[in-house]
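Below is one structure, written out as structure tokens; comments come after it.
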Amino acid sequence: MGTVHAVSGSPGARHSVADSRGAHERWSVRGAVRALAMTLCACLLLSACAGPQERAGTAAPVAAERVRIAVFPLENLSGSGAPSREIRELFLARLQAAGFSVLDDDSLDRVMTRHRVRYTAGVDRDVALALKRDAAVEAILIPSLELFDETYPPKVAMFSRLISTGDSPAVMWIDGLGLAGDDAPGILGLGLVEDPSILVARAVDALVGSLVAEGFGARTHRADKGEPRKFRPKLVYRSDVLAPEKKYSVAVAPFFNKTDRKYAGEIIALHMIRNLMTFQNFEVVEPGIVRQELLRFRIIMTDGVSLPETETILGAVDADLVLNGEVLDYRDYRGPDGVAKVDFSVLFIERRTRQVVYSSYSQNQGDDGVLLFDWGRVNTAHAMASHMARAIGQKMLQAGQQAR
């Protein structure tokens, strides 16, 4: 038997730096006034005036034991032009410096051409077997670019995940982060970042550092720390069938994108995959496997996942739960003024009972709960969606506790 909870909370062209000088000057004046008031208030304000920042691990590199990996082309989910080749090359350089044995591009191209591989945003069984057999690759890294905005202050958001090769490809590691040039302005704006390439380098360094620090096949984060109250789902249904002590495998079906932002559905799906995998209770099926089965059974979802389609997907990938949902808003703002917004719902159906065991609706914007000096402000949709997705996982495992 399930319960419905209402949770308190708030409701729901690239430009160069030179082209944005006016906006920069407006921000600087406002920032100076705010910084002066902050200095008078407390000496703690030498730190950044920013909200909860979701960061990838950046621990000191450890030996990667010469693990042989292939790096697929960058998946550009930004919906705009971006230096995709340069970002991928940066990944290659950082991985090699960390001790990984990276498959050279010529060898990768030969395997992809021989097996007529065109889709590189996921890994299916055929591709995983081909790279294992033909190139002795142990894992495949897929970098995904969510946001690349050069307008001052610049913003960058990325994901990266590692998938094993062989006849049973699985997600071994996934992480992501979103950065803005004004995340940590500091006193008199000394911490502002004007060059987007600096943010790109920081993001790649953090993601590779996370992979090295966590190890080959390890969980990306511990999820025992509760998310701030404001990121909890606004409406929740949780069935008592969902056992918090049990482990579940989850197949993530495509999310429906009802926003004007291209790829918002794919982005939220990656957020859910990343944050579900921070819990020991969840294993997530590689999205490329799910896509392969959808194509094989010619399943086209137009108005949600039907029960027969759910049974087909779960049976084909041998998963316990199928996750589906819709994205109503996923918005980053350009320039110094604006607010990020994220609005989506999720639905989990269990294979054994053929019932909905969890559903929720989440909505936040970057200035939720901000009262003074932008404390608590979140500057990117990526950082905010990450908190919201992790809060969903925590709510699923609460053993029927009442939402407060």
Distant-in-sequence amide H partners of Val137 (H built 1.01 Å from N, under 5 Å) = Lys132
request  = Tell me which residues come under 5 Å, amide H to amide H, from Val284 once H is placed; ignore anything under 5 positions away on its chain.
outcome  = Val250
query = Among the lysines, which have Cα under 16 Å from the Cα of Lys230 when same-chain residues fewer than 8 positions away are ignored?
reply = Lys341, Lys395
message = Through the Karplus equation 6.51 cos²θ - 1.76 cosθ + 1.60, θ set to phi - 60°, convert the phi angles of the range 134-149 into ³J(HN,Hα) values in whole Hz; use x for Gly and Pro.
response = 8, 10, 6, 7, 8, 7, 10, 9, 10, x, 10, 9, 8, 8, 9, 10
request  = Provide Asp126, Asp149, Asp240, Asp320 in ascending order of the number of other Cβ atoms located within 10 Å of each residue's Cβ, fewest first.
outcome  = Asp240, Asp126, Asp320, Asp149
inquiry  = Please list, ordered by chain and number, the residues whose modelled amide H lies under 5 Å from the amide H of Asn76; skip anything fewer than 5 residues away on the same chain.
reply    = Leu145
key: In Hz, Karplus ³J(HN,Hα) per residue of the range 353-363 (6.51, -1.76, 1.60; θ = phi - 60°; x = Gly, Pro)   = 8, 6, 10, 6, 9, 7, 8, 7, 10, 10, 8
ask   = Of the listed peptides 306-314, 386-394, 192-200, what is their order by residue-averaged count of other C-beta atoms within 10 Å, with the highest listed first?
value = 386-394, 192-200, 306-314
task = With unit charges on the beta carbon (Lys/Arg positive, Asp/Glu negative), name the residue among Ser107, Val127, Ala93 whose Cα is farthest towards the positive pole of the charge dipole of the range 71-169.
result = Val127
query = Any idea what the dipole of the range 46-214 comes to, in debye rounded to 20, about its Cα centre with Lys/Arg Cβ at +1 and Asp/Glu Cβ at -1?
reply = 540
ask   = Mind ordering 170-182, 74-86 by average Cβ neighbours within 10 Å, highest first?
value = 170-182, 74-86
key: Per-pair calculated FRET efficiency, R0 = 41 Å: Leu190 and His115 via Cβ, rounded to 0.05   = 0.20
remark   = Length gained if Ser249 through Leu235 is fully extended, taking 0.36 nm per residue and subtracting the Cα-Cα distance, is 2.6 nm
message = Quick one: 3J(HN,Hα) in Hz for the range 166-174, Karplus 6.51/-1.76/1.60 with θ = phi - 60°, rounded, Gly and Pro as x.
response = x, 7, 9, x, 9, 6, 9, 6, 8
task = Grab the Cα-Cα distance for Glu86 and Asp260, subtract it from 0.36 nm times how many residues apart they are, and report the gain in nm with one decimal.
result = 59.9 nm
inquiry  = Can you order the peptides 350-357, 329-336 by their average number of other Cβ atoms within 10 Å per residue, highest first?
reply    = 329-336, 350-357
remark   = In the range 329-404, taking the dipole from +1 charges on Lys and Arg beta carbons and -1 charges on Asp and Glu beta carbons about the Cα centre, the listed residue (Pro336, Ala381, Val346) farthest towards the positive end is Val346
inquiry  = Multiplying the sequence separation of Glu311 and Arg133 by 0.36 nm and subtracting their Cα-Cα distance, what value in nm do you get?
reply    = 60.9 nm
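Taken together, the values in this text are just the output of simple stated rules run on the coordinates, not laboratory data. Owing to the predicted nature of the structure, the values given are computational and were not obtained by experimental measurement. Neighbour counts run over all protein chains shown; Cβ positions are idealised from the backbone, glycine included.
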